[in-house]
């Protein structure tokens, strides 16, 4: 529909308007260790292997990892709590979905964005989420993240290796 383009543009305007406020008011809440993780994935990512590998590396339970999968077009048979689409967002960055509102009310120690492309909807979620430390691939918007790892988005093993290395260097984990 023609209105989906207008809706996406209104969300981009909201993002551009709130980004300077996010950057100015950015405050880090200190944390001793990583206990809760929020993960953003694309629809074609391998959710199970990423979550199990993260749980093993970060030494946390899989239930402490909240996964949000962005899918451009939502299929009826795949409607779950972790899949979001542009339909979950209203105009000007408004969150219409209860499942997203629940995600935004929780506090997380670490956010990892595995998205292959810079996505305005995930960026809006990133702006509004309560996260102490944000990690993503180097091709994403550098203003939104605390740590960007330069590797291809399909090199998940290299990404994990570098992530652990830098989390240890930054004394976020032992």
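Miscellaneous remarks
- Here residue 33 and residue 94 are evaluated by their C-beta separation; at R0 = 41 Å the FRET efficiency comes out at 0.75.
- Using R0 = 35 Å, the C-beta based FRET efficiency linking residue 62 and residue 18 works out to 0.60.
- Most simply put, the chain has about 5% antiparallel DSSP beta bridges, counting only bridges with both residues inside it.
- With respect to the chain, whose longest principal axis is taken over its alpha-carbon atoms, helix 47-58 is tilted by about 40°.
- Debye intensity ratio I(q)/I(0), log10, segment 39-144, q values 0.19, 0.23 Å⁻¹ (C-alpha model): -1.04, -1.55
- Annotation: peptides 137-146, 110-119, 35-44, ranked by per-residue average of other Cβ atoms within 10 Å with the highest first, follow the order 110-119, 35-44, 137-146.
Every number here is computed from the coordinates shown, using simple stated rules; none is lab data. As the structure is a prediction and not an experimental result, all values here were calculated from the model. Methodologically, a virtual Cβ is constructed for each residue, glycine included, from the backbone with ideal geometry; neighbour enumeration extends over all protein chains shown.
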